[in-house]
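All remarks here apply to the structure that follows.
Read-outs: derived from the displayed coordinates by stated rules, not from any lab. Note that the structure is predicted; figures quoted are calculated from it, not measured. In this analysis, Cβ positions are derived from the backbone assuming ideal geometry, glycine residues included, and neighbour counts consider all displayed protein chains.
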Amino acid sequence: MKFYADLHIHSKYSRATSKDLDLEHLYLWAQYKGIQVVGTGDFVHPVWLKELEEKLEPAGEGLFSLKDKYAKPIDAKIPHACRGLVRFMLTVEISNIYKRLDKVRKVHNLIWAPSFEAARKIQAKLGSIGNINSDGRPILGLDSRDLLEITLEADPKNMFVPAHIWTPWFSALGSMGGFDRMEDCFADLTPHVFAVETGLSSDPLMNWRLKQLDPYILVSNSDAHSPSKLGREANIFDTELSYSAIYRALSDENDKGLVGTLEFFPEEGKYHYDGHRLCHVRWHPKQTMENNGLCSRCGKPVTVGVMARVEALADRIEGTKGRRHRPYWNIIPLPEIIGEAKSVGPASKAVQAMYLNMLNHIGSEFYILQDAPVFEIRAVAGDVIAEGISRMRKGDVKIAAGYDGEFGTLEIFKDGERQKIEKQLALF
Amino acid sequence: MKPLDLNDAQWQAVSHQGSHLMIVAGPGTGKTHTITYRIVRFINELNVGAGLRPALNDVRVGLEPTPTDQRILAITFTNKAAKELQERLEAKLPEFWRLATVGTFHRFALGLLREFSDATPLPKDFQIALPEEISALLEEIFPKKTTLERKETLERISLIKATQLVIDPDSDYQTYHRFLRAKNWIDFDDILRETLLLLENEEILAKVQERYRYIFVDEYQDVNLIQNTLLKTLVSEGVLLTVIGDPNQSIYGFRGSQVKFFTRFEEDFPGAAKLYLTENYRSKSNLLSASSQVIAKSPSTDVPEIIAKIFDEGRLVIHEAATDRAEAEYVVHQIEQMVGGVSMLSLDSHRVSSYNQAQRSFGDIAILYRLNAQKNVVMGALDHLGIPYSVSAKSKIKKEELEGVTQETKDEILLQQHEEFVDYNVEKVSLLTMHAAKGLEFPVVFMIGCEEKLLPLNLDTMKGDSEEERRLFYVGMTRAKEQLFLTRAGRRQLYGQTFFNAPSMFLSDIQEDLKAYENSKIRKKINKSKASDNQQLKLF
């Protein structure tokens, strides 16, 4: 079957996450979004793991579902058009901060586990060497390579995926805390990594420019810190709904189980361009080069974003495809499109009301963004929103790129354009 | 020929011949390095005597070690130091390093007791009592005493055992001793005392003396009377003794160590030579100046001034916080900045500016304190950011752990029981008492609680010798290679009491122009209000 999977999220036990991030809200929002497999996040955290063990039950091989008694009360809140099955997969992100080859490295890594037994083994090991109680995404002074070893020793079916590999501060290839080559990060165990996460600020097109990424299949996840951010990016599978099918789809070069990915427009990501947020300096990598990398306001080195970093490590021209390439589709979260159409913020009441209205009458967010006929959207949400979605599908949007931790800003409509669209269409 | 990695004074110490030798070696002057080379030299000489080629820098496989029973005895202060020395010897002499017996006084002594058990008055299967067994025993003997009183009694008995050859009549001691032996037990201090008794046997003494022709003792400033006596017994005609140490780092007086054994070395071991290592390769020059100024006020010493060999300047920061919590917050915030942020939140909230390149990792950093009771506040602040740390602590041995293990393994475990142990498998910030920090070094050191009443220790219930406290302060300062933070709190909670402490007197011994005063620049505490929570969420 075809299903969407978002395998990098956090629970309420991670620092700076929403208090709503519990299983019930994940179950609810997964259906709003149209996601069938959602990560649990944070399974190393003792309190969260206990909660997972209590509220989840096995559902198919290596995946879990929310027990009926917890799911039932939520079901009533879910629009009929969105209802679908939700499976959980045991996932966690670890922050590795350590010295390697004389530099301080800060790398975030994802671990996915097929069973509570495997998860508990990892938890026990990490608990014995560090503090896993104060953050759902624990910080460990442990080499990424050693974390990979621990992961494989706990269960050979565990999956290990370097997270948002281009983020400057916390990633395997990041400009500030990362390495130039995957082999430098994972050493002798590099062949055991078969997938990498592109992160919000890069898309597959950018990643394909590196020969060294050829062995890896590219995955995309939301890294959500609140339930509504689920599915900002996601993976589309067409295979059996099980952990081992997902494992095969990612690890086996001949398996076609991963159909493609849904991507943020990379310009919208927080670290696409270079610059200094506090100095309001937002630079294309070319400008950074012209200024020798120093901020024109404060004179200190600018934060080098993902675009420049990819350029620095790339060894192919843009347009080439990587060996394990899959198609991808750029999406914009529906509330942003609604907000843009209505010229209000995406968190405003008007947007929320329209959002639920669309879910009620059309279907889940992914269905709306990807598959719903434009006339159907127009009938429910009006001309401007329908036009916005249609432009998104064509990639016809303008984005002022994100930089130094600031999200990019989206422009689907020019001033005055909205009224024009409504008038034009009214003529028919 | 002088190896390139030895300076002139070190080489002199390595190659000195013909008499006992005392090496006075200040902090960071390459003590272990020098002693390693000297032991290597002696092992080679043993091999030459046995007709083998010198093995220095010469890896040969397949040769049997020297057939004689002669060995080198190297005594370290801790098991950890023994391990380090052993590893260095092994690296230099992969074949012959085993010719050196390396270990603490207690390990060496227990080895003799087991080897010659027939000759001791102890029963053959005597056991070293576990801490929990001793507690239970004391409860049985002194049912009327409180737990605290029993602890004090035990400490007093231990001090007596370390400092008196002939024990003054003391009813507590005698009762304890009788009960202990009735159980077939000896305690930790007894290991050395029983060995002294064993060596009264001339035949055995001769055997031991014949075996160990070269003896080394590290950290000689911290030996006690019993250890000193043991050495005098072992060192006979023809046995050469080398001791190394620094009287300025003598910090175990409360346990019976006496620096006087250091100063009267030449009387105890006539004909001894004395050499000085004074070139410091550890600390930045300004940090070394500051620590030298602190120790210069100590009247006890004939140690020449330590000379900096690293010429650039490090950071010496004085920080005064309003409370112990604010002090901990400051320390943790500094750490967060040094590692360039520990999470996206560090950066996005501007707690750490985005152009701070990460310079340090957690393993580079140590936080030192006078009393264990000070650490909880710091641990709380570290937990808040999820920063990994390890706390030095004496391992608590449980009876169950020792069930079914061999006598040898059991002894091995028990020998380590008095050591504060830190786990270094992964990188963590080290939280250490100043005592436990001895012998270690870190690029960045925070010394918290630089306040009167703590440094020097002067509480109602606990008082330190003020000169020893100064040396302790000196030991703490000299752990730092590049950055040293001396922090204090205006108000502090300790043992349920509130203290308003003035700055430590030691701070004023450091010249003003060496000190940078820094005030806390932390923004409003994160996660405090709902409003700021929402603010944070928007960033993701």
Once label points are set 7 Å from the Cα along Cα→Cβ at both A:A353 and A:E376, what is their separation, rounded to one decimal in nm?
2.5 nm
Once phi is turned into θ = phi - 60°, what whole-Hz ³J(HN,Hα) does the Karplus curve with 6.51, -1.76 and 1.60 give for every residue of segment B:250-255, x standing for Gly and Pro?
7, 10, 10, x, 5, 9
To the nearest 0.05, the calculated FRET efficiency linking A:S251 and B:R156 through their beta-carbon distance, R0 being 51 Å, is 0.15
Starting from the Cα of B:K481, draw a straight line to each of the aspartates and glutamates and keep only those under 16 Å, dropping any in the same chain fewer than 8 residues away.
B:E279, B:D312, B:E313, B:D364, B:E441
Counting only DSSP loop positions in segment B:363-459, the trypsin sites (Lys or Arg not before Pro) whose Cβ has at most 14 other Cβ atoms within 10 Å are B:K396, B:K398
When Cβ neighbours within 10 Å are restricted to other protein chains, what is their mean count per residue of peptide A:167-173?
3
Any chance you could check the Cα centroid distance between segment A:103-178 and segment A:334-375 for me, in angstrom?
36 Å
Using modelled backbone amide H atoms (1.01 Å from N, in-plane), which distant-in-sequence or interchain residues come within less than 5 Å of A:L63's amide H?
A:Y243
Order of A:H361, B:H319 from fewest to most other C-beta atoms within 10 Å?
A:H361, B:H319
Could you list, in their original order, any pairs among B:K284/B:K428; A:K157/B:K92; A:K211/A:K394 whose Cα atoms are separated by more than 32 Å?
A:K157/B:K92
Of all DSSP beta bridges located in chain B, what percent are antiparallel, nearest 5?
15 percent
Give the peptides A:225-234, B:155-164 in descending order of average Cβ contacts within 10 Å, highest first.
A:225-234, B:155-164
Would you mind ranking B:L180, A:L101, B:L454 by Cβ crowding within 10 Å, fewest neighbours first?
A:L101, B:L180, B:L454
If you keep only loop residues by DSSP, which GluC sites (Glu not before Pro) in segment A:237-293 have at most 13 other Cβ atoms within 10 Å of their Cβ?
A:E253
Cut-off under 5 Å, modelled amide H: who pairs with B:A489 long-range
B:A321, B:G449, B:C450
If you plug each phi of segment A:272-287 into the Karplus form 6.51 cos²θ - 1.76 cosθ + 1.60 with θ = phi - 60°, what whole-Hz ³J(HN,Hα) values come out, in order, with x for Gly and Pro?
6, 8, 9, x, 10, 5, 5, 8, 6, 9, 10, 10, 5, x, 4, 5
Under 13 Å from the Cα of B:K232, which aspartates and glutamates turn up, not counting those fewer than eight places away in the same chain?
B:E200, B:E266, B:E267, B:D268
Share antiparallel - DSSP beta bridges, the protein assembly as shown, percent rounded to 5:
40 percent
Can you compute the helix-only [θ] at 222 nm over chain A? Use -39500 (n - 2.57) per DSSP H run of at least 4 residues, normalise by all residues, nearest 500 deg cm²/dmol.
-9000 deg cm²/dmol
Per-residue HN-Hα couplings for segment B:265-274 [Karplus 6.51, -1.76, 1.60; θ = phi - 60°; Hz; x = Gly/Pro]
4, 5, 6, 5, 10, x, x, 5, 9, 9
Which stretch or stretches of segment B:462-482 have amide N atoms under 20 Å from the point lying 7 Å from B:A296's Cα along the Cα→Cβ direction?
B:467-480
Please arrange A:V384, A:V344 by how many other C-beta atoms lie within 10 Å of their C-beta, fewest to most.
A:V344, A:V384
Lysines whose Cα lies under 18 Å from that of A:K256, excluding same-chain neighbours fewer than 8 positions away
A:K2, A:K321
In deg cm²/dmol and to the nearest 500, what is the mean residue ellipticity at 222 nm of chain B if only DSSP H runs of at least 4 residues count, each as -39500 (n - 2.57), divided by the residue total?
-11500 deg cm²/dmol
What residues from segment B:469-509 fall in the zone where the backbone N is under 18 Å from a label point 7 Å along the Cα-to-C-beta line of B:N519?
B:487-491
Neighbouring partner chain Cβ atoms per residue of A:399-408, average, 10 Å criterion:
2
Under 5 Å from the placed amide H of B:I128, counting only residues 5+ away or on other chains, we find B:I186
Is the shape of chain A rounded, prolate or oblate, going by the alpha carbon gyration tensor and its root eigenvalues a ≥ b ≥ c, with a/c under 1.5 for rounded and a/b larger than b/c for prolate?
oblate
